[in-house]
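Structure, as structure tokens:
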Amino acid sequence: MKVGYRSGMAGDGTLEVQRLALEAAGCALVFEDLEELLSALRSGDVLVVWRLDRLAPEFTEMLEVLSQVLLLGARLLALEDGLDSDRLASDELIVVVMALMSHRGNVEAQKAMAGWRRRLGALPLPATPGPPPGLTRGGTGEPTCRSGAR
């Protein structure tokens, strides 16, 4: 079942936009209280939000809610962000979430991501791009020759 969640401050103009978007997405229920939503959410449900940052005001709280949703066996669909958790492995989802939230100016991303990776058991991401250490000769970028031929 598609379950919607909308949040915002009264008068900011987004509550009605969110309601219309969630209805258009086919949500059978729409919650405005996060605790009620998490209590009602079941394995196999699809949680639909207008934007990912509507799950919680702070990045670490948003990751906590997202963790709870995924651990319940539900799927997340963020309409404006084009995010569907069903299409991504947990480590890919972490990268996408981090990019979206970093784009919105959140400086807590790196610290929170480490805790979220541990909690969901996702694979660690490489600290630096490029080949693993030992595959190049002396930092020159020249590949190490293992066969002895040059």
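The values are calculated or read from the model by the stated rules, or taken from the named source; none is laboratory data. Just so it is clear, the model here is predicted, and its values are computed rather than measured. With ideal geometry, Cβ positions are generated from the backbone for all residues, glycine too; neighbour counts draw on all protein chains shown.
For the residues Glu61, Glu36, the requirement of being over 24 Å from Arg117 (Cα atoms) and of a type outside the set (S, T, N, Q) singles out Glu36.
For Gly8, the conditions (1) small (Gly, Ala, Ser); (2) within 19 Å of the chain's Cα centre (by Cα); (3) surrounded by 14 or more Cβ atoms within 10 Å (Cβ to Cβ); (4) at positive phi all hold with the exception of (2). Got a sec? Which of Gly13, Gly26 is more than 15 Å from Leu83 (Cβ to Cβ), surrounded by fewer than 14 Cβ atoms within 10 Å (Cβ to Cβ) and either touching a His at 6+ places or on another chain (Cβ under 6 Å) or at pLDDT 95 or above (or both)? It is Gly26.
Only one entry of Leu71, Leu63 meets the criterion of being under 10 Å from the mean Cα position of the chain (by Cα) and either farther than 20 Å from Ala28 by Cα or not hydrophobic (A, V, I, L, M, F, W, C) (or both), and that entry is Leu63.
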